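The values are calculated or read from the model by the stated rules, or taken from the named source; none is laboratory data. Computed from a predicted model, the values in this text were never measured in an experiment. Quick reminder, even Gly has a Cβ in these numbers, built from the backbone with ideal geometry, and neighbours come from all protein chains shown. Quick note on the areas: whole protein, heavy atoms, side chains included, nothing else; ligands and nucleic acids left out. Shrake-Rupley method; radii C 1.70, N 1.55, O 1.52, S 1.80 Å.
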Amino acid sequence: RDLSGASTVAMVEAFDDDVLVVTANAGIDILGMTIPLNAVSMTAHVWRTGQQMFLTDAANHPLVNAALLDLDQAVSVLWQPVIVQGKVVAMLNVTWRRRIEDPGDRAVRVVGVIADEAGYSLHASRLRRELERSATTDPLTGSLNRRAWDAGLALLMDRARLSGAALIVALVDLDHFKYYNDAHGHTAGDVLLTRFACEARNCLRKHDVFARWGGEEFILALYDC
């Protein structure tokens, strides 16, 4: 906001496939405001198209919410998508209380530079999360791997020692899996393992620990059960 001389800057991100939400802002308080992606609005339009939009007199455009402009007494507005690998992952909405004639103005250009930096940062953050997830997750079934199992079990054991609650550790083996694999092929076997792991996780509580032990064997730890 300081670099662009704007009155308000808001970051918009996708809450799900149908709704956008303001996740950060400086200026007027619109944090948490939602925008349906199918709405008749400039924010939704820019998100869908991935094309920057700058309006010198935003009040004259039919896709602009006049009530929001009045909140900030905004005159010129910029909708700047943050794009990572060809996909819109966020958007910067910037408003000025003064009239900016040219989209090549420094105040507008600096937002584009910041949007690029935001894209790099978001991409790096998501890569880090993906690396962390892959380090603890079995790539086939999406269950925890042995490394994550060891860490999760250690925490539950410490908790059980302190509380005196029961702790159950159980090994789960899928009977006749080899015969199934031989009869239907390895691809079908992989699908079976993945579906079983998904159903198993859905049956468990959030604090239970469930992991793939190897092959068709899984292991779980149930605290206070």
Q) Can you give the accessible area of residue 225, probe radius 1.4 Å, in Å² rounded to 10? A) 80 Å²
Q. Tell me, what is the percent relative contact order of the chain, built from C-alpha pairs under 8 Å that lie six or more residues apart?
A. 16 percent
Q. In square angstrom, rounded to the nearest 10, how much accessible surface does residue 186 have for a 1.4 Å probe?
A. 130 Å²
Q. In the full protein assembly as shown, how much of residue 178 is accessible to a 1.4 Å probe, in Å² to the nearest 10?
A. 130 Å²
Q) In sequence order, what are the phi-derived ³J(HN,Hα) couplings for the stretch 152-160 according to the Karplus relation 6.51 cos²θ - 1.76 cosθ + 1.60 with θ = phi - 60°, rounded to whole Hz, with x for glycine and proline? A) x, 5, 4, 5, 5, 5, 4, 5, 5
Q | FRET efficiency, 1/(1 + (r/R0)^6) with R0 35 Å, evaluated for residue 150 and residue 89 via beta carbons | A | 0.55
Q. Once phi is turned into ³J(HN,Hα) by the Karplus curve 6.51 cos²θ - 1.76 cosθ + 1.60 with θ = phi - 60°, what whole-Hz value does each residue of the stretch 90-103 show in order, with x for glycine and proline?
A. 6, 8, 9, 9, 10, 10, 10, 7, 10, 7, 10, 6, 10, x
(Q) So, for the chain, what is the accessible surface per residue at a probe of 1.4 Å, expressed in square angstrom? (A) 59 Å²
Q) Ignoring ligands, DNA and RNA, how do 83, 35 rank by accessible area with a 1.4 Å probe, largest first? A) 83, 35
Q.
Classify the stretch 107-196 from the C-alpha gyration tensor, please: rounded if a/c falls under 1.5, else prolate or oblate depending on whether a/b exceeds b/c.
A. oblate
Q: Please work out how much length the chain gains when fully extended from residue 60 to residue 186, using 0.36 nm per residue of separation minus the C-alpha to C-alpha distance, in nm with one decimal.
A: 39.2 nm
Q. Of the accessible area of the stretch 98-207, with the probe set at 1.4 angstrom, what percent is carbon plus sulfur?
A. 57 percent
Q. For the chain, what class follows from the C-alpha gyration tensor (a ≥ b ≥ c being the square roots of its eigenvalues): rounded when a/c is under 1.5, otherwise prolate if a/b is larger than b/c, else oblate?
A. prolate
**Q.** Relative contact order computed over the stretch 1-128 (Cα-Cα under 8 Å; 6+ residues apart), in percent
**A.** 25 percent
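What does the charge count around residue 26 come to, taking other residues whose C-beta lies under 11 Å from its C-beta (Lys +1, Arg +1, Asp -1, Glu -1)?
-1
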Q: Give the ranking of 120, 223, 180 by solvent-accessible surface, highest area first, calculated with a 1.4 Å probe.
A: 120, 180, 223
Q.
So, R0 is 30 Å and r is the distance between the beta-carbons of residue 3 and residue 134; what FRET efficiency does that work out to, to 0.05?
A. 0.25
**Q.** Label-point gap, in nm, between residue 206 and residue 109 - each point 7 angstrom along Cα→Cβ
**A.** 4.9 nm
